[in-house]
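The values are calculated or read from the model by the stated rules, or taken from the named source; none is laboratory data. None of the values given here were measured: they were computed from a predicted structure. Positions of Cβ are backbone-derived with ideal geometry, glycine not excepted, and every protein chain shown enters the neighbour counts.
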Amino acid sequence: MPLLSLLTFLPLAGGLVLIFFPRERTREARAFALAVALAVFLVSLAVYFGFEAGSGAAQFVERGRWIGYGLDYHIGIDGISLFLVLLTTFLTPIALLSSWKAVDGRLKEFSFFMLLLETGIIGVFVSMNLFLFYVFWEAMLIPMYFLIGIWGGQRRIYATLKFVLFTMFGSLLMLVAIFVLYARYHQATGGQSLAFQDLYGLSLPPGLQTWLFLAFALAFAIKVPLFPLHTWLPDAHVEAPTAGSVILAAVLLKMGAYGFLRLGLPLFPDAARTFLPELSVLAVIGIIYGGFMALAQKDMKSLVAYSSVSHMGLIMLALFSLNIESTEGALYQMLNHGLSTGALFLCVGILYERSHTRLIKDHGGLSRQMPVFSAVFLVATLSSMGLPGLNGFVGEILCFFGIFAANKVLAALAVSTAILSAAYLLWLFGRVMHGPILDPKILDFEDMNRRERLVLGPVVVLMFWLGLFPGTVLRKMDASVTKYLHTVRQKVEVQEKTAGLSLSLSSRDGSVKRFKSHFEGGHE
Amino acid sequence: MNLRALVPLLCLVVGALADMLLEAFLPKKNKDHLGYVALVSLVLSGFFYIRSWGRDLSCFGGSLTLDRMAVVLCLAFVAAGFFLVLMSLKYIVRQDMNHGEYYALLLFALSGAMVMVSSPNILVVFLGLEILSVSSYALAGMKKNDPGSSEAAVKYFLMGSFASAFLVFGLALVYGAAASLEINGIRAALMGRAGSFGPGGWAGLALVIAGFGFKIALVPFHMWAPDVYQGAPTPVTALFSIVPKLAGFAVLFRLLAPLWGGGAAKPVIWWLLWGVAALTMAVGNLAALRQRNLKRLLAYSSIAHSGYILLAVLAGDGAALLFYLVAYLFMNAGAFSALVAMTREGREYVDLDDFAGIGFKYPWIAASFAIFLFSLAGFPPTAGFLAKFYVFSAAVRQGQAPLVVIAVLASLISVFYYLRVIVFMYMKDPLAEVDIETDQPALYLVMFICLCGVIQLGIWPGNLLVLIRQAVASIF
């Protein structure tokens, strides 16, 4: 059975059915949308359990002629994309459920666009052909554009146009680079192909590589976003509806990092190595700048948005360190960031539904009024800070190990993220949850209702699970990450014949194994 | 003498004449039958074109030759005519226009375009162009009671006659240099050893390009387009934005593309066109940013698209060119049909403010319009994206990466104004009282077909690509 195709297109099919629901049948429509999203999640679980840990190659591969001329339908999943897909399918039903009350009008259309978005995102992660990748990459903009533009806040139109134009700017230049690759492949081999594996084998002159890498890197850096290109993010996050923010922060940003991992670094290793120092510095600036900006925010949503800039900076820095700890740490941290930031946005959304304001100063003393909510908020906060026992810790520590091995100065600067995030998150928690109740309105607030518990419950459980048993994830990642690092390094070493990257793969391998067996021992 | 190549063309002309005759005899309440006559003649013509696929029919000593490329383009014209007639069935009643003349002129315009693409003789091409143009001038002024429409007709006529004059003068010079009016002969002279085609010949070629550039609205010959588009009746505007472009680009391609095939040094003309393409994309898109009238906006957008299409000519890639033209046919016809849908008795809603909030008031019209706009902006998975993909990648393969960078940046600008229309439709509350006639099944059929075309060509263009490759292989 073509499981991956089913996974990719089931949301789309569900969405298309959904449009034909009569307008007054809101209840049925929202239940149907949720059912579709849950079904997609089940399919993705089937993929997870069917996935063999030992192999670094893509699995569940489907390949067929599509348009011809190398533009084929070619999808597959490996240890790198598996968990990003799972994250998407896990968060989509949650995001849908969370908006049952927040989105009062046109819930049907809202759910339609959410499902469309899910197809687009999954498509990006499973594509094994650059053309297909680009189609999903761009097509995904359309539903996001509507989600922010129709259901967003006050400045939604400005935010959504900024989001689309920023992203398009990068991806259109990437498109030109794709054309160049397409032409180069034709020149080199006489055939036509845009399959990832064929392009990995292409050797390109350094000058050309530089241009192509810059085009790809720009597209991905905007998406991540790396430091000077981040300005669309606070706007989009703040104006988007809760569900939109959740998907945006949890999954969409990861597409940028994934792009570096899947395309930017392995396709152009020489150029990448030339620019890694600069990119790493940008990542560090992002960490510190994002942290300080978060400290200064008055609006809860923009605080979380800037914390995303900071955390994504750490993830990128780890990715750019190019060793196995850092890469696995980055991947793990992508999941963590998805969960914790998603949870924080959901919490802010729940508060907003009650108080209709997102300003920190309008809240206070909530913990007495809403004890369960306060506990959940605390877990999300601590997970985002990286408290041991919760998921964030495992990711961060792996990242730091890797970054230290690559560059001690940057690592020392990057560690500031731990302090900064503790500062802005705990301060946020203190101001919102503790202290006297200033606004009498708060006395009317009800604690989380059953639906809201259903929304956040699974996220909290998963946070603990990933904090205590990281082996479930790391084990399936290993082989693919090793293979990826080989791809990146081998090309460099073959071409340069120097041990450019100071670390040899094997010696570091042992330590991470020990590290992981330590964790896995915990639950076996 | 074998007249089979003439049959499809005759179908249209006979249909047009019949329309004019019947107009005199039909009682007023049955005037809409004239539209059906036009439809029948289009269907017949389409049928005969399909039958002539792959037979290379010709008549009049080869002056009319139906090679495969001509057949593909003529079928595109038939489809365009079909869409236009269906769009107009109710429109012309509501806007108080004459039936007989309207349909007859429409069919004449189409037959002119068909002559243009199916003749290897540049003088016959000119003949076709004039048939197309003269019918177009009259069509632009069909809304007798609307001064804007008359203004459009006069403007188009004056500017168009200038352009035709340039074209004829250019042809004369080219004939002097090449001693031939066959496209093949001119090409052979152009590609012959240096000097055989003197400066006069090159100047003539430049004038010819200017003449065509006017018809297909290339910058700097585009000034007429926004005013004429705005004033003309909306289905006629759709005609202007589609038919002359398809025909003009096909002729330019036949005439010029072989000149820069095979890695030969690029002639000056090529660099001239390079500049024109860059300018067209930039000016078209930048000017569109400021438009609040949707017909003007689509006018500038169609200018910008001319720039993209010119890229295909510059790259010498016929398949990419044809694919773009077909995709453009569907998305532009679709977009204009949405504009036609936004009308009622004596009133057309074309201002951006009129579109505010229609997304939830008229969901199907708005959704279709949005998809056409996404396609025009080049978002996947629509035809517009794939068309751009082919053209741009063909250009990059020919080493034109800088021009493609200009093109993608220009299309980034275009994203802004296309999306702004969608912003108005979906993200703003209604600003003006809008009340449209919703009982127009024929028009919705057009929208539906165009929608299918836009999506099918974007997702699964397989068969069309095969046909197009065959068509392009047939011409050189």
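Restricting A:F49, A:F60, A:F90 to residues that are in contact with a helix residue (DSSP H, G or I) (Cβ under 8 Å, 6 or more places away or on another chain) and part of a helix (DSSP H, G or I) narrows the list to A:F90. Cβ separations smaller than 8 Å between residues 6+ apart or across chains give the following pairs from region B:443-460 residues that are within 14 Å of chain A (Cβ to nearest Cβ) to residues that are surrounded by fewer than 24 Cβ atoms within 10 Å (Cβ to Cβ) and of a type in the set (S, T, Y): B:L451/B:S368. Only residues that are facing chain A (nearest Cβ under 9 Å), in contact (Cβ under 8 Å) with a residue 40 or more places away in the chain and β-branched (V, I, T): list them for region B:387-410, please. Within region B:387-410, B:V404 is the sole residue that qualifies.
Among the conditions (1) hydroxyl-bearing (S, T, Y); (2) more than 9 Å from chain A (Cβ to nearest Cβ); (3) over 20 Å from B:G357 (Cα atoms), B:Y418 misses just one, which is (3). Kindly indicate whether any position in region A:9-32 is crowded, with 20+ Cβ neighbours inside 10 Å and in a loop (DSSP other than H, G, I, E, B). Checked region A:9-32: no residue is crowded, with 20+ Cβ neighbours inside 10 Å and in a loop (DSSP other than H, G, I, E, B).
Here's the yes/no breakdown for (1) modelled with pLDDT under 90; (2) under 20 Å from B:A442 (Cα atoms); (3) surrounded by fewer than 20 Cβ atoms within 10 Å (Cβ to Cβ):
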{"site": "B:K29", "(1), (2), (3)": "yes, yes, yes"}
{"site": "B:D32", "(1), (2), (3)": "yes, yes, yes"}
{"site": "B:F48", "(1), (2), (3)": "no, no, no"}
{"site": "B:G61", "(1), (2), (3)": "yes, no, yes"}
{"site": "B:A70", "(1), (2), (3)": "no, no, no"}
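Looking across region B:135-150, the residues that are closer than 19 Å to B:A238 by Cβ and either of a type in the set (K, R) or not in a loop (DSSP other than H, G, I, E, B) (or both) come down to B:S135, B:S136, B:Y137, B:A138, B:L139, B:A140, B:K143, B:G148, B:S149. Looking only at region B:418-433, count every residue that is of a type in the set (F, W, Y) and not in a helix (DSSP H, G or I) and tell me the total. Looking only at that region, the number is 0. Contact map, region A:163-192: residues that are more than 7 Å from every other protein chain (Cβ to nearest Cβ) and free of Cβ contacts under 8 Å to residues at least 40 places away in the same chain paired with residues that are assigned to a helix (DSSP H, G or I) and among the aromatic types (F, W, Y), Cβ distance under 6 Å, separation 6+ or inter-chain. Pairs shown: A:A177/A:F216.
Residues are listed down the side, and each one gets a yes or a no for (1) surrounded by fewer than 19 Cβ atoms within 10 Å (Cβ to Cβ); (2) in a loop (DSSP other than H, G, I, E, B):
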site	(1), (2)
A:G170	no, no
A:L175	no, no
A:A183	no, no
A:S193	no, yes
A:L199	no, no
A:W211	yes, no
A:L214	yes, no
A:F220	no, no
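Suppose we keep only residues that are of a type in the set (V, I, T) and assigned to a helix (DSSP H, G or I) within region B:204-235. Which one would you say is surrounded by the most Cβ atoms within 10 Å (Cβ to Cβ)? That would be B:V228.
Checking region A:135-143 against the condition returns a match, with at least one residue being more than 10 Å from chain B (Cβ to nearest Cβ) and either of a type outside the set (D, E, K, R) or out of contact with any strand residue (DSSP E or B) (no Cβ under 6 Å at 6 or more places or on another chain) (or both).
Tallying residues that are in a helix (DSSP H, G or I) and basic (K, R) within region B:6-63 yields 3.
Of the candidates B:L110, B:L106, B:L123, B:L132, the single residue that is in a helix (DSSP H, G or I), surrounded by fewer than 21 Cβ atoms within 10 Å (Cβ to Cβ), hydrophobic (A, V, I, L, M, F, W, C) and touching a residue at least 40 places away in the same chain (Cβ under 8 Å) is B:L123. State whether one or more residues within region A:96-112 are within 14 Å of chain B (Cβ to nearest Cβ) and more than 30 Å from A:W151 (Cα to Cα). Scanning region A:96-112, I find no residue that is within 14 Å of chain B (Cβ to nearest Cβ) and more than 30 Å from A:W151 (Cα to Cα), so the answer is no. Looking at this structure, is B:R187 surrounded by fewer than 23 Cβ atoms within 10 Å (Cβ to Cβ), outside any loop (DSSP other than H, G, I, E, B), at pLDDT below 90 and charged (D, E, K, R)? It is true that B:R187 is surrounded by fewer than 23 Cβ atoms within 10 Å (Cβ to Cβ), outside any loop (DSSP other than H, G, I, E, B), at pLDDT below 90 and charged (D, E, K, R). Within region A:349-370, can one find any residue that is at pLDDT 90 or above and either under 27 Å from A:A257 (Cβ atoms) or outside any helix (DSSP H, G or I) (or both)? For region A:349-370, residues at pLDDT 90 or above and either under 27 Å from A:A257 (Cβ atoms) or outside any helix (DSSP H, G or I) (or both): present. Scanning region A:77-92 finds no residues that are more than 16 Å from the chain's Cα centre (by Cα) and surrounded by fewer than 24 Cβ atoms within 10 Å (Cβ to Cβ). Given the criteria assigned to a helix (DSSP H, G or I) and in contact with a Pro (Cβ under 8 Å, 6 or more places away or on another chain), does B:I455 qualify? In short, yes.
In the list B:I365, B:I436, which residue meets the criterion of being in contact (Cβ under 8 Å) with a residue 40 or more places away in the chain, more than 9 Å from chain A (Cβ to nearest Cβ) and either hydroxyl-bearing (S, T, Y) or not in a helix (DSSP H, G or I) (or both)?
Exactly one residue qualifies, and that residue is B:I436.
B:R347 meets each of the listed conditions (1) within 14 Å of chain A (Cβ to nearest Cβ); (2) surrounded by fewer than 22 Cβ atoms within 10 Å (Cβ to Cβ); (3) without any contact (Cβ under 8 Å) to a residue 12 or more places away in the chain; (4) of a type outside the set (G, A, S) apart from (1).
Among residues of region B:368-383 being outside any loop (DSSP other than H, G, I, E, B) and under 17 Å from A:M140 (Cβ atoms), the one that is farthest from the other protein chains (Cβ to nearest Cβ) is B:S375. Scanning region B:323-337 finds no residues that are out of contact with any Leu (no Cβ under 9 Å at 6 or more places or on another chain), in contact (Cβ under 8 Å) with a residue 24 or more places away in the chain and either basic (K, R) or more than 30 Å from A:V124 (Cα to Cα) (or both). Number of residues in region A:371-395 that are of a type in the set (A, V, I, L, M), surrounded by fewer than 23 Cβ atoms within 10 Å (Cβ to Cβ) and not in a helix (DSSP H, G or I): the value is 1. Out of B:F416, B:F379, one residue alone is among the aromatic types (F, W, Y), modelled with pLDDT of 90 or more and buried (at least 22 other Cβ atoms within 10 Å of the Cβ). It is B:F379. Of all residues in region A:146-162 being at the interface with chain B (Cβ under 7 Å from one of its Cβ atoms) and farther than 12 Å from A:P241 by Cα, which is farthest from the chain's Cα centre (by Cα)? Selected residue: A:I157.
Pairing each residue of region A:310-329 that is more than 20 Å from A:L82 (Cβ to Cβ) with any residue that is among the basic types (K, R), provided the two are 6+ apart or on different chains, yields C-beta distances under 6 Å for A:N323/A:R508. So is B:I475 within 22 Å of the chain's Cα centre (by Cα), more than 9 Å from chain A (Cβ to nearest Cβ) and assigned to a helix (DSSP H, G or I) or not? Answer is no for this residue.
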